[in-house]
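The values are calculated or read from the model by the stated rules, or taken from the named source; none is laboratory data. What you see is a predicted model, and the numbers here were worked out from it, not measured in a lab. Here Cβ is always computed from backbone atoms with ideal geometry, including for glycine, and neighbour counts include all displayed protein chains. For accessibility, only protein heavy atoms count, side chains too; no ligands or nucleic acids. Shrake-Rupley method; radii C 1.70, N 1.55, O 1.52, S 1.80 Å.
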Amino acid sequence: MKLLVASLVTVTTLASMSAVAQSPIDPDLAKVIGAIKAVDNHTHVNSIAADDPDSDALPLDSIPPFGLPARFRPENMESVSAYKAIYGYAQDDLSEAHMVDLRATMQRIRKEQGDRFPAWALDKLGIEVMVANRIAMGPGLSPPRFLWASYGDALLFPLSTKAEGAQSVDAAALYPLVERLLRRYLSDLRMTAEPATLDAYLTTVLTPTLERQRKAGCIAVKFEAGYLRRLDFDEPDEAVASGVYAKYAKGGEPTHVEYKSLEDFLFRRIAREAGRLGMAVHIHSFEGAGGSYRIAGSDPLLLEPALNDPTLRGTSFVIVHGGGIFASHTGALLSKPNVFADFSLLDQIYSAPMLAGILRGWLTLYPEKVLFGTDAFGSGPEAGWEISAWLASSTARKGLAIALTGMLRDGEISRGRAEEIARLVLRKNAAALYKLPLR
């Protein structure tokens, strides 16, 4: 009997040791990763303004309803952990009785914090700096904790987009928003209409708009072009682009082929000017959203002609959301000297193990090109941007820990190198890219 008990104890002990050995996360490495104050490369963080009109250039609630990934649905219980971490929620469920108390707590804290609420939330999230992709910054979103990334798509479409909007029901909703933002950019320059020639548009609208944004603290210009067209910004012909602009500047509808030639030219001019001004170019690359979204058109490999342009070597490009299902294509593009990738949104939609697989591929090749991001956004009073940021941040740190633990245990990197890569991804790569004065 004693021998049997001893044998059972031995088997149990060995099983326990094996379970520890096979754990996908090294606990000491996880502790280091959890303590790093991060730089969040991409968000749609809200200001404290009640209606926050400047939060998004292409809000997705403007298109017909579409299916949400599982982690975005109200029944996702991971939000309980977010409520606990940020608001001290003491319950383990989302019953209506408990939610009443939670809403009251959230409202009380927001009122108590006032303008400081966004920075208060960053402290809860372990994020030191958050890049806000917005039309304009707003109350509570001040540097150095919050930095601005503007929208560049409106500058691509100086002509009528009525024909372009006829491509799908989603496009019909989005193109008017692009036109509205261009009207705002013109108003900011005290202009009421686009000039008659492309040269005049470049010198009186495009460049002055970017210069104005840079002077206001903008560190990057973001393109959501995947919602509007394919990412194949081909080699432009300035003479053709000028002819298209002149032909339709006073009215009429350019064909899709004609408009594309103008867009291709303007994209590269915007990217070149951004580089001259010290601004990065962020490009949305992910599978959706929307029922009419053209997933194949967001393959980052479509960007290669522009990324290979020798006149754009002074511009840093960031593939935002890492290309989604095309993440391996993104990894290949990281070989180019001025291309980076963030994994914002991936850490909200994908599980930590799924994210880890992507990160391990990237980090094996180009760890100095990978940026942390959350794509934090608000979707209602109980799901503010801080909740989605917590979900993304916790998934990101876990996914990063899984990837680095695997590399460490397979003898690919040392422990010291694993910790250094974690600091690069969560903090130092972004600090270098945007020349942030972080310690």
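Suppose we filter region 250-273 for residues that are under 19 Å from GLU211 (Cβ atoms) and surrounded by fewer than 19 Cβ atoms within 10 Å (Cβ to Cβ); how many remain?
1
Are there any pairs with C-beta distances below 8 angstrom linking a residue in region 182-199 that is closer than 18 Å to SER150 by Cβ to a residue that is loosely packed, with under 14 Cβ neighbours inside 10 Å, with the two at least 6 apart or on different chains, and if so which?
LEU186/THR192; LEU186/ALA193
From the list SER261, SER328, SER292, pick out the single residue that is among the polar types (S, T, N, Q) and in a loop (DSSP other than H, G, I, E, B).
SER292 is the lone residue from the list that is among the polar types (S, T, N, Q) and in a loop (DSSP other than H, G, I, E, B).
With respect to the numbered conditions (1) exposed (fewer than 15 other Cβ atoms within 10 Å of the Cβ); (2) in a helix (DSSP H, G or I), which one is the sole condition not fulfilled by ASP93?
(2)
How do the pairs read when you match residues in region 28-42 that are touching a residue at least 40 places away in the same chain (Cβ under 8 Å) and farther than 18 Å from VAL370 by Cβ with residues anywhere that are among the small types (Gly, Ala, Ser) and not in a loop (DSSP other than H, G, I, E, B), using Cβ under 6 Å and keeping only pairs 6 or more apart or on different chains?
Close Cβ pairs (under 6 Å, with a partner that is among the small types (Gly, Ala, Ser) and not in a loop (DSSP other than H, G, I, E, B)) amount to ALA30/ALA401.
For region 313-328, how many residues are crowded, with 19+ Cβ neighbours inside 10 Å and either over 17 Å from ASN133 (Cα atoms) or β-branched (Val, Ile, Thr) (or both)?
Qualifying residue count, region 313-328: 8.
Among the residues of region 73-90, write down those that are open to solvent by 40 Å² or more (accessible area, probe 1.4 Å) and at pLDDT below 90.
Selection gives ARG73, PRO74, GLU75.
Residue check, ARG269 against (1) touching a residue at least 40 places away in the same chain (Cβ under 8 Å); (2) more than 29 Å from GLY243 (Cβ to Cβ), all met but one. Which one?
(2)
Of everything in region 274-294 that's closer than 23 Å to LEU68 by Cβ and at pLDDT 95 or above, which residue is surrounded by the most Cβ atoms within 10 Å (Cβ to Cβ)?
So the residue we want is SER285.
Would you mind finding the one in LEU68, LEU58 that is of a type in the set (A, V, I, L, M), in contact with a helix residue (DSSP H, G or I) (Cβ under 9 Å, 6 or more places away or on another chain) and under 15 Å from PHE377 (Cα atoms)?
Result of the check over LEU68, LEU58: LEU58.
Which residue pairs have Cβ atoms under 7 Å apart, sit 6 or more places apart or on different chains, and have a first residue in region 371-399 that is within 18 Å of SER55 (Cα to Cα) and a second that is of a type in the set (Ser, Thr, Tyr) and at pLDDT below 95?
Final answer for the pair search is ILE387/SER79.
So which residues in region 126-143 are open to solvent by 10 Å² or more (accessible area, probe 1.4 Å), farther than 30 Å from ASP264 by Cα and touching a residue at least 40 places away in the same chain (Cβ under 8 Å)?
Those that are open to solvent by 10 Å² or more (accessible area, probe 1.4 Å), farther than 30 Å from ASP264 by Cα and touching a residue at least 40 places away in the same chain (Cβ under 8 Å): GLY126, GLU128, GLY138, PRO139, GLY140, PRO143.
If only one of ARG108, ARG103 is surrounded by fewer than 18 Cβ atoms within 10 Å (Cβ to Cβ), out of contact with any Leu (no Cβ under 6 Å at 6 or more places or on another chain) and in contact (Cβ under 8 Å) with a residue 60 or more places away in the chain, which one is it?
None of the other options fit; the residue is ARG103.
Looking at ARG415, ARG439, ARG409, can you tell me which residue is free of Cβ contacts under 8 Å to residues at least 24 places away in the same chain and surrounded by fewer than 16 Cβ atoms within 10 Å (Cβ to Cβ)?
ARG439
Of everything in region 146-163 that's out of contact with any helix residue (DSSP H, G or I) (no Cβ under 6 Å at 6 or more places or on another chain) and over 25 Å from PRO118 (Cβ atoms), which residue is surrounded by the fewest Cβ atoms within 10 Å (Cβ to Cβ)?
LYS162
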